[in-house]
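Trainee: Take this structure, written in structure tokens, and hold onto it; I'll ask about it next.
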Amino acid sequence: MSQQNVEIVREVLAAWNAGDMDAVCELHDPDVIMRMAEGWPEPGPFTGREAFMGELERLRDAFDANALEPISDYIDVGDRVVVRYRWRGAGRGPEASFEFSQVITLRKGRVIAVDQVWDHREALKAVGLVE
């Protein structure tokens with residue numbers, strides 16, 4: 001099951017990078033919850049698809065172009081996947097780039113929770129891979 005979860009997370013990434021927000025939405029459970037990294041401008045949490053998608057749309061709309069790229073392996077841990085990303089945005093002012101990790105929880109083929117942290121070790125700790 002967890003390799004299937006990795007594939008779903010890869011589908012989310014591909015949909016995001018293609019700008020296919022309908023596909024991004026469909027890959028997330030109606031009751032999805034997203035918790036942002038400490039210090040994020042809109043701290044959330046964002047509960048439910050409408051709030052979740054609203055935050056993603058705000059991020060997309062802030063830049064003319066943006067992309068996510070995985071900079072770590074996808075680590076499957078049961079019903080969760082851990083991955084580190086680099087996000088880059090360009091246009092409408094200075095370019096932006098930052099790195100963050102996510103712990104993504106899946107159930108029945110959909111993402112039910114996204115927990116974002118700045119420190120990859122913190123993400124690994126959250127799933128019990130480091131002390």
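Every read-out reported here was derived from the displayed coordinates using simple, explicitly stated rules and does not represent laboratory data. The structure presented is a predicted model; accordingly, all values stated were derived computationally and were not measured. Cβ placement follows ideal geometry from the backbone for every residue including glycine, while neighbour counts extend to all protein chains displayed.
Trainee: Can you tell me the alpha carbon radius of gyration of the stretch 2-126 divided by the globular rule-of-thumb value 2.2 N^0.38 Å?
Mentor: 0.99
Trainee: Another question about this same structure. Please report the equivalent ellipsoid semi-axes of the stretch 76-119, computed as sqrt(5 x eigenvalue) of the Cα gyration tensor, largest first, in whole Å.
Mentor: 27, 11, 7
Trainee: Mind checking the full-extension length gain between Asp73 and Asp119? Use 0.36 nm per residue of separation minus the Cα-Cα distance, one decimal, nm.
Mentor: Contour length minus the Cα-Cα distance gives 15.0 nm.
Trainee: Does anything in the stretch 1-41 have its amide N under 18 Å from the 7 Å Cα→Cβ label point of Ile112, and if so which residues?
Mentor: Counting only backbone N, you get 1-9, 26-35.
Trainee: Sticking with this one: Would you work out the relative contact order for the chain, in percent, from Cα pairs under 8 angstrom that are 6 or more residues apart?
Mentor: Value for the chain: 25 percent.
Trainee: For Gln3, project a label point 7 Å along Cα to C-beta. Then give me every residue of the stretch 66-90 with its amide nitrogen under 13 Å of that point.
Mentor: Residues 76 fall inside that zone.
Trainee: Now for a different question. If R0 is 35 Å, what FRET efficiency do you get for Asp20 and Ala126 from their C-beta distance, rounded to 0.05?
Mentor: According to the calculation, E is roughly 0.75.
Trainee: If R0 is 22 Å, what FRET efficiency do you get for Glu50 and Trp87 from their C-beta distance, rounded to 0.05?
Mentor: E(calc), rounded to 0.05, equals 0.50.
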